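The values are calculated or read from the model by the stated rules, or taken from the named source; none is laboratory data. Keep in mind that what you see is a predicted model, and the values were worked out from it rather than measured. For neighbour counting, all protein chains shown are included, and Cβ atoms are generated from backbone atoms with ideal geometry for every residue, glycine included. Side chains included, ligands, DNA and RNA excluded: accessible areas come from the protein's heavy atoms. Shrake-Rupley method; radii C 1.70, N 1.55, O 1.52, S 1.80 Å.
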Amino acid sequence: MERVLVIGGARALGAAVARRAAADGYEVVVGARDLAAAEALAHEIGATAVRVDLQDETTMAAAAARLTDGIDHVVTTGSAPHDVRAAELDHDQLVAAFTAKVIGPMLVAKHLGPVLRPNGSIVLFSGVVGWRPGPGSLVKGVTNGAVEHLARHLAADLAPVRVNAVSPGVVDSGAWDRLGEGKAGLLSRSAAGTLVGRHGEADDVVDAVMWLLRAGFVSGETIHVEGGARHRTA
Ligand SMILES: NC(=O)c1ccc[n+]([C@@H]2O[C@H](COP(=O)([O-])OP(=O)(O)OC[C@H]3O[C@@H](n4cnc5c(N)ncnc54)[C@H](OP(=O)(O)O)[C@@H]3O)[C@@H](O)[C@H]2O)c1
């Protein structure tokens, strides 16, 4: 049975990946900075839980120490948005945003790379904003763009372990529920900006992640799951 660690696995897209992986017969380890939340989901889906905070390297070292018998895949979904214009940038929030998407996953590679089996893989999370610049999306855009390069360079560094990224468009993952009544407007605007005429669902993204776990001849790639949004010009 292949073992997959899902970081950010207690909520939204991470939880959807963890649920599907468990249903598909993977041994799942739910990794989250909130251990109680990870344990609750793990209990529900027949998995185990471990505390992983992408902002805290010691938790990655501790997770690796728990998994010395090997792991096949790591999926890392973490993000720490800092959606402001350049004039409002806050240094610490900027660093946190890069840490969740780029620095944290690099340190995950440092600590979990040694326990990854040779036919294993890492799946990173980027996002369509990396390819759609706009006011207020400076940090999200640059961090998501950096993930594409991270996948490519980490794939060369960790080979034969494969490293790929998924880049979602706007997906109704649960993350947008915080907008309340504003969520419907966001989803319909994003649908209008795609070629397929709808917003994304968690399953659209999970399908791509599960394919990447099995795609043994794919490494260093970013898979865009955004309904063709980058190709829509009007
Ligand atoms: N949903 C979309 O429309 C969309 C669009 C484009 C890209 N994406 C990308 O897809 C990924 C998943 O997004 P989502 O929709 O599931 O919602 P999200 O709110 O971005 O989820 C982020 C996940 O990362 C976890 N996380 C944040 N900081 C962490 C840290 N320091 N250590 C460990 N985990 C941490 C969160 O866990 P906590 O519960 O601890 O906060 C949560 O599980 C993100 O990278 C996001 O940028 C999503």
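Observations on the model:
- Here the condition is being open to solvent by 70 Å² or more (accessible area, probe 1.4 Å) and either at pLDDT 95 or above or in contact with a His (Cβ under 8 Å, 6 or more places away or on another chain) (or both); of Pro168, Pro160, Pro118, it holds for Pro160 alone.
- Checking each residue of segment 133-141 against the condition of being open to solvent by less than 40 Å² (accessible area, probe 1.4 Å), of a type outside the set (Gly, Ala, Ser) and near the ligand (Cβ under 9 Å from one of its atoms) gives no match.
- Residue match in segment 144-156 (condition: within 28 Å of Leu116 (Cβ to Cβ) and within 11 Å of the ligand (Cβ to nearest atom)): yes
- Of all residues in segment 63-94 being under 18 Å from the mean Cα position of the chain (by Cα) and small (Gly, Ala, Ser), the one that is least open to solvent (accessible area, probe 1.4 Å): Ala63
- Residue list for segment 202-230, restricted to those being open to solvent by 40 Å² or more (accessible area, probe 1.4 Å), in a helix (DSSP H, G or I) and more than 21 Å from Trp131 (Cα to Cα): Asp203, Asp207, Trp211, Arg214
- Condition met for Ala97 (small (Gly, Ala, Ser), open to solvent by 10 Å² or more (accessible area, probe 1.4 Å) and modelled with pLDDT of 95 or more): no
- Filtered residues of segment 103-114 (kept if β-branched (Val, Ile, Thr) and open to solvent by less than 20 Å² (accessible area, probe 1.4 Å)): Val108
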